[in-house]
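Q: Sharing a structure here in structure tokens format.
The values are calculated or read from the model by the stated rules, or taken from the named source; none is laboratory data. None of the values given here were measured: they were computed from a predicted structure. Heads up, the Cβs are rebuilt from the backbone with ideal geometry, glycines too, and the neighbour counts pull from every protein chain shown.
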Amino acid sequence: MLKGSPQTGYVSTAYDGQTYAQSYLDTGSNGLFYRDTQLPQCGYWHCPDSTRAASATISGTNGASTTVSFAVGNSRVLFASANNAFDNLAGPAASGFGWGLPFFFGRRVYTAIASRATSAGPGPYYAF
């Protein structure tokens with residue numbers, strides 16, 4: 001279980017030598033959003049020549065952490081397909097790390113709202 005900040009719900013993410021203290025899990029975001037100057041951009045999205053594998057470590061305010069593997073596909077190829085949702089769509093962010101919809105594919109994710117009692121303790125927290 002990764003505890004989020006009681007004030008904001010944020011967790012932190014370590015990626016490529018950088019720590020993003022304002023990280024969040026959000027099913028309402030259609031991609032992963034973070035800063036990576038090594039990935040080419042096509043408009044607002046990343047578009048590497050081939051799918052890139054990556055990993056980052058998400059940490060809670062309680063000291064718990066877990067490493068998450070993810071992939072970044074070419075946005076032009078993805079948008080040219082007949083699909084409407086993608087497990088490897090990513091775009092740049094000025095700050096923070098947004099774990100959007102691709103993060104949720106293939107895993108069970110549980111969330112607890114701030115100050116709400118649960119059998120695992122009060123929120124905010126994330127478990128997956």
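Q: Please find, among T27, T57, T37, T13, the residue that is at pLDDT below 95, within 16 Å of G100 (Cα to Cα) and not aliphatic (A, V, I, L, M).
A: Only one candidate passes the filter, namely T27.
Q: Another question, then. Can you give me the number of residues within region 44-63 that are part of a loop (DSSP other than H, G, I, E, B), touching a residue at least 24 places away in the same chain (Cβ under 8 Å) and in contact with a strand residue (DSSP E or B) (Cβ under 9 Å, 6 or more places away or on another chain)?
A: Within region 44-63, residues that are part of a loop (DSSP other than H, G, I, E, B), touching a residue at least 24 places away in the same chain (Cβ under 8 Å) and in contact with a strand residue (DSSP E or B) (Cβ under 9 Å, 6 or more places away or on another chain) number 7.
Q: To continue, here is another question. P92: surrounded by 14 or more Cβ atoms within 10 Å (Cβ to Cβ), under 30 Å from Q7 (Cα atoms) and in contact with a His (Cβ under 9 Å, 6 or more places away or on another chain), yes or no? Let's see the steps before the verdict.
A: Details: surrounded by 14 or more Cβ atoms within 10 Å (Cβ to Cβ): yes; under 30 Å from Q7 (Cα atoms): yes; in contact with a His (Cβ under 9 Å, 6 or more places away or on another chain): yes.
So P92 passes the test.
Q: State which residue is surrounded by the fewest Cβ atoms within 10 Å (Cβ to Cβ) when the search covers only region 40-67 and only residues that are polar (S, T, N, Q) and under 21 Å from G17 (Cβ atoms).
A: It comes out as T67.
Q: Among the residues that make up region 16-32, is at least one of them aromatic (F, W, Y) and over 16 Å from the mean Cα position of the chain (by Cα)?
A: no
Q: Of F70, F86, which residue is surrounded by 11 or more Cβ atoms within 10 Å (Cβ to Cβ), of a type in the set (F, W, Y) and part of a loop (DSSP other than H, G, I, E, B)?
A: Among F70, F86, only F86 is surrounded by 11 or more Cβ atoms within 10 Å (Cβ to Cβ), of a type in the set (F, W, Y) and part of a loop (DSSP other than H, G, I, E, B).
Q: Within region 106-128, which residues are under 13 Å from L25 (Cα atoms) and surrounded by 11 or more Cβ atoms within 10 Å (Cβ to Cβ)?
A: Answer for region 106-128, where residues must be under 13 Å from L25 (Cα atoms) and surrounded by 11 or more Cβ atoms within 10 Å (Cβ to Cβ): V109, Y110, T111, A112, I113, P124, Y125, Y126, A127, F128.
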